[in-house]
1. I want to confirm something. Restricting to region 23-68 and keeping residues that are among the hydrophobic types (A, V, I, L, M, F, W, C) and surrounded by fewer than 17 Cβ atoms within 10 Å (Cβ to Cβ), which single residue is modelled with the lowest pLDDT?
2. Quick one: is Trp19 within 23 Å of Asn85 (Cα to Cα), aromatic (Phe, Trp, Tyr) and surrounded by 14 or more Cβ atoms within 10 Å (Cβ to Cβ)?
3. Enumerate the pairs (first residue in region 15-39 and closer than 12 Å to Trp52 by Cβ; second residue anywhere and at pLDDT below 95 and of a type in the set (S, T, N, Q)) with beta-carbon separation below 8 Å, excluding pairs fewer than 6 apart on the same chain, so at least 6 apart or on different chains.
4. Quick check on region 6-21. Is at least one of its residues of a type in the set (Phe, Trp, Tyr) and modelled with pLDDT of 85 or more?
5. Cβ-Cβ below 7 Å, separation at least six or inter-chain, first residue in region 73-95 and more than 27 Å from Glu49 (Cα to Cα), second surrounded by fewer than 16 Cβ atoms within 10 Å (Cβ to Cβ) and modelled with pLDDT of 90 or more: which pairs?
6. Within region 1-112, considering only strands (runs of 3 or more DSSP E) that don't extend past its boundaries, which have at least 3 residues that are in contact with a His (Cβ under 8 Å, 6 or more places away or on another chain)?
7. Looking only at region 18-39, decide whether some residue is under 24 Å from Ala2 (Cβ atoms), touching a Cys at 6+ places or on another chain (Cβ under 8 Å) and of a type outside the set (Ser, Thr, Tyr).
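The values are calculated or read from the model by the stated rules, or taken from the named source; none is laboratory data. None of these values were measured; they are calculated from a predicted model. Cβ sites come from the backbone with ideal geometry, for glycine too, and all protein chains shown count toward neighbours.
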Amino acid sequence: MAVPAILADENIADEIVAWLRAKGLVVLLLEEVNLLHATDTRIFGTAAEQGWLVLSHDQDMGEIAARYFTQKTQRVLLLRPGHINPKLFCEALDVYWANGELPTLLARTESYVAVIQLGREKPSFRIRVRS
């Protein structure tokens, strides 16, 4: 399964980037590709052109990505809500990696917005995919 490079939005914690890289995934930081402080539109345009998946906590990223679905393949993975401890997101990613859902999701070739949502009272993990 070919997995696209992942473009991590500036709000993604270093712990999450490290977790993804430890799994052998290519993770690009905005500053590494000259997109630090770029508009969301520019980030999505570049990601679409390069075939990168966008990783963010920003809910509006999914809405912006929808505009690009008709132009180029756009893949977005949202980790929600953004104020949760990054260790909890890494635990959620561990669950989805171990059961095969995350590798399968990352290898999808069509446009999608996927959300990993953590519960507030106790962790409840779910992936929702909007194509």
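1. Ala66
2. So Trp19 fits the description; yes.
3. Cβ pairs passing all conditions: Val33/Thr46; Leu35/Thr46.
4. Yes, the conditions are met somewhere in region 6-21.
5. Note: pairs meeting the criteria are Pro86/Glu15; Lys87/Glu15; Cys90/Glu15.
6. 75-80
7. yes
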